[in-house]
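Okay, so here's the structure we're looking at.
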Amino acid sequence: MKLVVRVKLPTPVQAAALEATLHACNQAATWAAEVAFEENARRPLELRKHTYAEIRARWQLGAQAAQHAIKKTCDAYTTLKANLRNGRYGRPGSRRHIRAAGKPIVFRPQAAQPYDDRMLSWQHQARTVSIWSMAGRLKGVAFTGQAGQLEVLAAHRRGESDLVCQGGKWFLIATCEIAEAAPNTHPVGFLGVDLGIVNIAVTSDGARHCGRRVNRKRERDRKLRSKLQKKQTKSAKRRAKRHAGKEARRNKDINHKIIKRIVAEAERTGRGIALETLTGIRERARLRKPQRTTLHSWPFAQLGSFIAYKAKKAGVPVVYVDPAYTSQECSQCHHTERGNRPAQAVFSCRVCGFVEHADYNASHNIAHRGWYVWVCGAQSTAPELTLIA
Ligand SMILES: [Zn+2]
């Protein structure tokens, strides 16, 4: 499976050369995107015919860099097409849709540029890279990263890396190919996991990964954020930015810890993991106003993709179930009605009288449905994904 490792190039002396390189590559890609738009040539082979020679001549790019600029353009159009189809820009005919589809793609001057092994080589012992630039080959460019990640990098790096400049800092984002455990093809059952707001994750074993402390902290964060936004001074903006990074890191760390425990439990007991399909969780959840802000800032998607990734690595099968009525269905007699849930935290069946914590009841339903999905053969396995560790 693929994993992404990010290393930092701490203030390289050659930063000017790298910057010039990114600018040239992105200018060339933006120009190629215009040609692709006008000529309707959005496949690499076709677009190469129209643009390769001129990119080499006009921007003085090397053969590899020119190829990558063209491929990057084509990839961007493919992504745009998929997003348009999936409704990310609203309905066809809507203003956003027309705006997105009706003009060529433009690359930021500092957008990421892919590097292959001929343009970039790694010296893991010395912790340096040798990298192609407009000013020739730059040798001995130092990089740093977390010890664990550098080990992964040295052992498993494969294929392309991206050079990117974020907030004035330089990074290389390298792709690693990691072996995964043999998949468990005969799970004895499924561990249902209900992802939520009040409780971040509740499993059908009854483990409740509570978010009370986190939510309280996030509420404070939100207040601070809006206070800083109102101020609009330079220092307030700086502080807000620093704070946002901190909050994201803390959320990520909490997610990692929760998921580690859930996946380990499923692996230990020979079970798979059942999750609700996450798309539309925001649309589905009807909440009182104060909870709404909490919901919209909680990284559900991150939680879901972390589970898929960690489970895959451990060989634990993951199935996604239809989320309809999981919170209103009785996990004992399967009677479903809205009245079964008199309060946010309480489930109380109107027919058989079964009473349980609402999220725990829902996680049971998810586990049932997971097993059903599995035996019906409609196995949805964890999607292929990459993750910035
Ligand atoms: Zn019941």
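The values are calculated or read from the model by the stated rules, or taken from the named source; none is laboratory data. Please read all numbers here as calculations on a predicted model, not as lab measurements. Virtual Cβ from ideal backbone geometry, glycine too; neighbours counted across all protein chains shown.
The table that follows gives values for the structure above.
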item: In segment 111-137, residue surrounded by the most Cβ atoms within 10 Å (Cβ to Cβ) [restricted to those that are outside any loop (DSSP other than H, G, I, E, B) and touching a helix residue (DSSP H, G or I) at 6+ places or on another chain (Cβ under 6 Å)]; result: Q113
item: Residue satisfying condition, being among the basic types (K, R) and part of a helix (DSSP H, G or I), within set R108, R88, R58; result: R58
item: Residues of segment 160-211 classified as assigned to a loop (DSSP other than H, G, I, E, B) and either in contact with a strand residue (DSSP E or B) (Cβ under 9 Å, 6 or more places away or on another chain) or of a type in the set (V, I, T) (or both), total; result: 14
item: Restricting segment 337-356 to residues that are touching a helix residue (DSSP H, G or I) at 6+ places or on another chain (Cβ under 9 Å) and part of a loop (DSSP other than H, G, I, E, B), the residue that is farthest from the ligand (Cβ to nearest atom); result: Q344
item: Answer from Y320, Y325 - the residue that is modelled with pLDDT under 95, hydroxyl-bearing (S, T, Y) and more than 16 Å from the ligand (Cβ to nearest atom); result: Y320
